[in-house]
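The values are calculated or read from the model by the stated rules, or taken from the named source; none is laboratory data. Here the structure is a predicted model, which is why all the values come from computation and not from measurement. Glycine also receives a Cβ, built like all others from the backbone with ideal geometry; neighbour counts cover every protein chain displayed.
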Amino acid sequence: MLGVLTGFIGELRQTGVPVSMVEAIDAMTAVEAIDVGDRTALRETLRATLIKNARHERAFDTAFDVYFSLAPSLPGEGEGNAIEGAPPSGEAGGGAGFEMDDLVSRILQALSHLDTDELRRAASEAVDNLAGMEPGRPVGGTYYLYRTLRRLDLSALERALVEILMGDAELTPFEQRLVEEDVAERLSRLRADIEEEIRRRLVADRGREAVARTLRRPLVEDIDLMHATTSDLAEMEAAIGPLTRKLAARLARRRKKRAGRLDFRRTMRRSLATGGVPADPQFRHPRPHRPEVWLLCDVSGSMATFSRFTLQFTHAMATHFSRLRTFAFIDTIDEVTDFFGPGVDFASAVSRIATEAEVVWLDGHSDYGNALETFHRRYGAQLTPRTTVIITGDARNNYRPPRDGVLADVAKASRALLWLNPEPHLYWDTGDSAMSAYARHCTSVHEVRTLRQLEDFVEGLALPRGLNR
Amino acid sequence: MDLGSPAAVASALRDVGYLPDQRISQVVFLAARLEKPVLVEGPAGVGKTELAKAVAAATDRRLIRLQCYEGLDEAKALYEWNYKKQLLRIQADAGSDWDSISQDIFSEEFLLTRPLLEAIRSPEPVVLLIDEVDRVEVETEALLLEILSDFQVSIPELGTIEATSHPFVFLTSNNTRELSEALKRRCLFLHIDYPAPDREKEILQARVPGLSEHLAEQVARVARSIRSLDLKKAPSVSETIDWARTLLTLSVEEVDEEVLADTLHVLLKYQGDIEKAAKELTSSPVE
């Protein structure tokens, strides 16, 4: 057990999940207190001791499946099963006595009655017969999963299940929606079971370390925004909510210590402790700062993934800041604040930016100079010493004049000017990037390529007070 | 009360009206066995605070609660010297020498205990709930570390006060900021999410007497459906309970589009959310 556990913790660390020595020891102590034969108990015990951030749970689950999958997952099921299933007969489907229809009807039965044990058994059988696993291949199993699901014909399963659950009653769209969600959830269980089953076999075939290595994916916070896939983005979007809450809290945090006026009454009261000598002056709480944030987003083609992400971020922020204004630019700039009002759907906001906002002036290639100048001309007068201006973009100007002088004026008129650049620091100022010309005028410039960096930016957001007054 | 196995924990919690899932009962069991604090995290209204209350009720312990807020300091969380009383003591005894007085005024008699110290000093075991720990500043978090790892408090004038009995400690967080590694390291971590429809149905039946099984199931499924939308504030468990009560009061037997549109404001508290949910779930938008 100790060996497996050490390997498991090592794997978590490899993935990027921070597991300290103390936590590792805790996990070992905790495992001694439980029945290790109970997989759920083991899973939850290790989760509680090793994982301290909900975002790391996916990485944990993957690693857990790999490292503890050889333990029988069903009562009464021998350990031999997994090994035996490993060398399947080349192209599958030919297993003697295997009846496709029979399996499908069993799966349907299990799904409609939510019989988890039976579902797992059926999933195991499906993998045996449909995945066509070949021993020794260094794969993560995604291909096997899709092959199994395709042969099971997921959409036919879905239709059949909807039919079973609905009966033949006439349903309103509302009821239909509920049933469909139900079906989707049940099918996702089937999918998870099959995936687990495949991993079990992979591990039996190639050993834990090898499989874990293939399955290893960066944590959500380490995915490069510029190269994120759609599923990565979906995951990041889920993580954005808490982040904007944090940013809101951070920006609104009032400065402690003596900033307000002397509070005479409290000072006198306190002076009782020192025999009437006002040794410990008390101050009124300063008025809480009401942050006003203006966000300028580059939405040009080269920034497609990133701008989607920043817009998502903006969208989430809009629910926290009453005084948030958003601007989008490519070679000229337009205000898009209204597209992101509270309760507005994100997708529709994005499509409105594409169709309604005037962000293209000449040719649709980034022109920071013109965008910033237009911004300053149209909106510059509305900047106040309370406004924090955040610009997100790669500063790639297509060799056009940067016209950075205008940024100095913006910085002077606002509380702080922050720039978030999604490119690695190394690439700044290469080619057509005019980063340093702009950086001169910014309060600070940050490389934000991953969610983690965005988080660090938010955490470290100590805004200078009245720096540019 | 027996917390000897996860199953025993689950049934004890059930007896006091809290329906734990497997994860929750496992973590509570571990906390009891390893005598470690539990950090509970999750969206608002999934029963984080409720869990601590339920454990207190199930184990028959007193619940001591420290509500965290920005600006919380030692004097409010740990202890404070009762200086008025100290002052009186000095004045009442004007003639005596300084040494004896200074010895005297820094004794337990002049100590005002605040929740953390109270939990440590309590002769019978207690449940200590540190609510919304993410609201205090990072610096204040450090105050908690000594208590969480060693169950003791150091007071310069008195020395170290150790716990006479191990308190059951729960910390809750809404995740508005990242808690420090040092704090997390000392705790077991429990993430509670919105319950699955099956469990929510059970919760509803336990909390709303007279609710039919059919209606409970419908309510739970609608709640899941609404939570899957992208809303400003998803309905919490307590809000679905309120909704179920409303439906019961209105003697509704079947949730349909009309009922939903009429009572959506019990579940959702923002007009934007209500409009969105109405648009998504029913064919007719609300007025």
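Here is how the numbers come out for the structure above:
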quantity: Wholly enclosed strands (runs of 3 or more DSSP E) of the range B:1-92 bearing at least 3 residues under 15 Å from the mean Cα position of the chain (by Cα) and within 14 Å of chain A (Cβ to nearest Cβ); calculated: B:38-41
quantity: Unmet requirement for B:ALA234, which otherwise passes all of (1) without any contact (Cβ under 8 Å) to a residue 24 or more places away in the chain; (2) within 14 Å of another protein chain (Cβ to nearest Cβ); calculated: (1)
quantity: Residue in the range A:407-421 that is in contact with a strand residue (DSSP E or B) (Cβ under 9 Å, 6 or more places away or on another chain) and assigned to a loop (DSSP other than H, G, I, E, B) present; calculated: yes
quantity: Among (1) within 14 Å of another protein chain (Cβ to nearest Cβ); (2) part of a loop (DSSP other than H, G, I, E, B); (3) hydroxyl-bearing (Ser, Thr, Tyr); (4) out of contact with any helix residue (DSSP H, G or I) (no Cβ under 8 Å at 6 or more places or on another chain), the one test that B:SER165 misses; calculated: (1)
quantity: Odd one out for B:GLY95, checked against (1) assigned to a helix (DSSP H, G or I); (2) surrounded by fewer than 19 Cβ atoms within 10 Å (Cβ to Cβ); (3) more than 14 Å from chain A (Cβ to nearest Cβ); (4) free of Cβ contacts under 8 Å to residues at least 60 places away in the same chain; calculated: (1)
quantity: B:GLU137 being more than 30 Å from B:ALA7 (Cα to Cα), among the acidic types (Asp, Glu) and within 14 Å of another protein chain (Cβ to nearest Cβ); calculated: yes
quantity: Hey, B:ILE101 more than 18 Å from A:GLY275 (Cα to Cα), of a type in the set (A, V, I, L, M) and surrounded by 13 or more Cβ atoms within 10 Å (Cβ to Cβ) or not; calculated: no
quantity: Matching residues, the range B:173-219, being part of a loop (DSSP other than H, G, I, E, B), more than 13 Å from chain A (Cβ to nearest Cβ) and without any contact (Cβ under 8 Å) to a residue 24 or more places away in the chain; calculated: B:PRO209
quantity: Those residues of the range B:220-266 which are not in a helix (DSSP H, G or I) and not acidic (Asp, Glu), in sequence order; calculated: B:SER228, B:LEU229, B:LEU231, B:LYS232, B:LYS233, B:ALA234, B:PRO235, B:SER236, B:LEU250, B:SER251, B:VAL252, B:VAL255
quantity: Test: residue in the range B:58-72 that is polar (S, T, N, Q) and within 30 Å of B:ARG207 (Cβ to Cβ); calculated: yes
quantity: Pair list, Cβ under 7 Å, 6 or more apart: the range A:169-185 residue more than 19 Å from A:LEU114 (Cα to Cα) and more than 7 Å from chain B (Cβ to nearest Cβ), other residue assigned to a loop (DSSP other than H, G, I, E, B) and among the basic types (Lys, Arg); calculated: none
quantity: Meets criteria (surrounded by 16 or more Cβ atoms within 10 Å (Cβ to Cβ), farther than 30 Å from B:ASP150 by Cβ and either at the interface with chain A (Cβ under 10 Å from one of its Cβ atoms) or in contact with a Ser or Thr (Cβ under 9 Å, 6 or more places away or on another chain) (or both)) for B:VAL266; calculated: yes
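Yes/no matrix, rows are residues, columns are (1) modelled with pLDDT of 90 or more; (2) of a type in the set (S, T, N, Q); (3) surrounded by fewer than 19 Cβ atoms within 10 Å (Cβ to Cβ):
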residue	(1), (2), (3)
B:HIS191	yes, no, no
B:TYR194	yes, no, no
B:ASP198	no, no, yes
B:ALA223	yes, no, no
B:THR246	yes, yes, yes
B:GLU258	no, no, yes
